[in-house]
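> Here's a structure for you.
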Amino acid sequence: MPVVSLSTLNAINQIIGTRKFGENIPHASEILPGVFIGDATAAMDGFTAVVNCAPRDVLTNREYYPESIKYMECVMDDWMGCALPRSVEDFIDCALDDGRKVLIHCTSGINVSAMIATAYYMVDQSCDVITAVKHCFACRPIMFCSEYYVRKLIEFAEQYEIDHLKEEIPELQFREPDRTDLIIEKERRLAVLTLDCDYEHLTKEDMHEIYQNAQQLVGGVVHGDSYTLYAKICDKWRDL
């Protein structure tokens, strides 16, 4: 079983715990304009684009439909159990752009197709997974009799959130604080003053000259590394 957030899992289980088996549930349920979750019976008529999530278990394969019907097969084993493969998302988007009526179906319209359709709703509406489940379950209140597909949906939602944040937040650029070219040049010259001096053999007059030069370079304002270099010169000056 996929490891997912238990709080999210519990929240979804509370929503789907009111399943209405045995009541008059239609063969297909609309979750978005033009997008339906359905069963094998719904796949036999009335849709101009079909995502078949159970091609090994139903009769409506590619040969069943005329060429005018857009058709795609999805087998979980082929896409590592991802709740919404990018190819499926693109297929639905293109079908809707063409003005088609899209059915996402499996054998009963309960687990696999519900998982894919709910994931699509979440992405399309930019909402969280709990909101997506709440909406889709209201449209088709027989969804998810297997916790495995709920967990796969949550797993997808958690990864999608991570990927989405990576796209929105630019990569951090780790750099030193901005400093003007003048300050950088001051630090360079101060470094030269401190590194080139043989303090043990300097006279007081020589050190006084270095101290004055350092004061002029700092100009009364000390920044970052400049402070360390300037302090070193001042300490030497006070020692003389």
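Just so it is clear, none of the values below were taken in a lab; they were calculated from the coordinates. The model shown is predicted, which means the values in this text are computed figures rather than measured ones. Here the Cβ positions follow ideal geometry from the backbone for every residue, glycine too, while neighbour counts run over all protein chains shown.
> Multiplying the sequence separation of residue 94 and residue 44 by 0.36 nm and subtracting their Cα-Cα distance, what value in nm do you get?
15.9 nm
> Ok, one more. Please compute one quarter of the surface area of the Cα convex hull for the range 79-167 and express it in square nanometres.
6.0 nm²
> As an exercise, use a Förster radius of 30 Å and the Cβ-Cβ distance of residue 20 and residue 158 to find the FRET efficiency, rounded to the nearest 0.05.
So the FRET efficiency works out to roughly 0.55.
> Would you work out the charge dipole size for the range 32-106 about its Cα centre, treating the Cβ of every Lys and Arg as +1 and the Cβ of every Asp and Glu as -1, and quote it to the nearest 20 debye?
The dipole of the range 32-106 has a size of about 100 debye.
> Using a Förster distance of 51 Å, how high is the FRET efficiency between residue 59 and residue 7, based on the Cβ-Cβ distance and rounded to 0.05?
0.80
> Cα-based count: Lys pairs in the range 6-168 below 25 Å, eight or more positions apart or different chains?
Final tally of qualifying lysine pairs is 6.
> What dipole magnitude, in Debye to the nearest 20, does the range 6-168 give about its Cα centre under +1 on Lys/Arg Cβ and -1 on Asp/Glu Cβ?
560 debye
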